[in-house]
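**Q** Below is one structure. I have some questions about it.
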Amino acid sequence: MFRQRLTMQQAQDIALQRVPGQVLHVDMDLEHGVLVYEIFILTSQNMVYEVEVNANNGNIIKIEQEDFD
């Protein structure tokens, strides 16, 4: 669908649609040959979620809650 990779901003927008909050940090990683944005979001409940967005097609790969114990 996309000829061009998603920008970091587009990836953040996609992640925030699923997990509303404040973006703390964005990483880019290569997982199984796929370029992935790892977006860490702080929610209003003070929970931090990592949302992985496929940088090629914008699909959300996974959402997981981070534990800082």
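The values are calculated or read from the model by the stated rules, or taken from the named source; none is laboratory data. Bear in mind that the values here come from a model prediction, so they are computed numbers and not experimental data. Cβ atoms come from the backbone with ideal geometry, glycine included; neighbour counts cover every protein chain shown.
**Q** If His32 meets every condition in (1) surrounded by fewer than 16 Cβ atoms within 10 Å (Cβ to Cβ); (2) at pLDDT 95 or above apart from one, which number is that one?
**A** Only one criterion in (1) surrounded by fewer than 16 Cβ atoms within 10 Å (Cβ to Cβ); (2) at pLDDT 95 or above is unmet by His32, namely (2).
**Q** Additional query: Starting from region 40-62, take each residue that is under 21 Å from Leu30 (Cβ atoms) and free of Cβ contacts under 8 Å to residues at least 40 places away in the same chain and list its partners that are outside any strand (DSSP E or B) and of a type outside the set (Phe, Trp, Tyr), counting only C-beta distances under 6 angstrom and pairs at least six apart or across chains.
**A** Glu50/Glu66; Val51/Ala15; Val51/Val19
**Q** Here is a follow-up. For region 1-14, indicate whether the set of residues that are of a type in the set (Lys, Arg) and modelled with pLDDT under 95 is non-empty.
**A** yes
Yes/no matrix, rows are residues, columns are (1) in a loop (DSSP other than H, G, I, E, B); (2) touching a His at 6+ places or on another chain (Cβ under 9 Å); (3) surrounded by fewer than 16 Cβ atoms within 10 Å (Cβ to Cβ):
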position: Ile14; (1), (2), (3): no, no, no
position: Asp27; (1), (2), (3): no, no, yes
position: Ile39; (1), (2), (3): no, yes, no
position: Phe68; (1), (2), (3): yes, no, yes
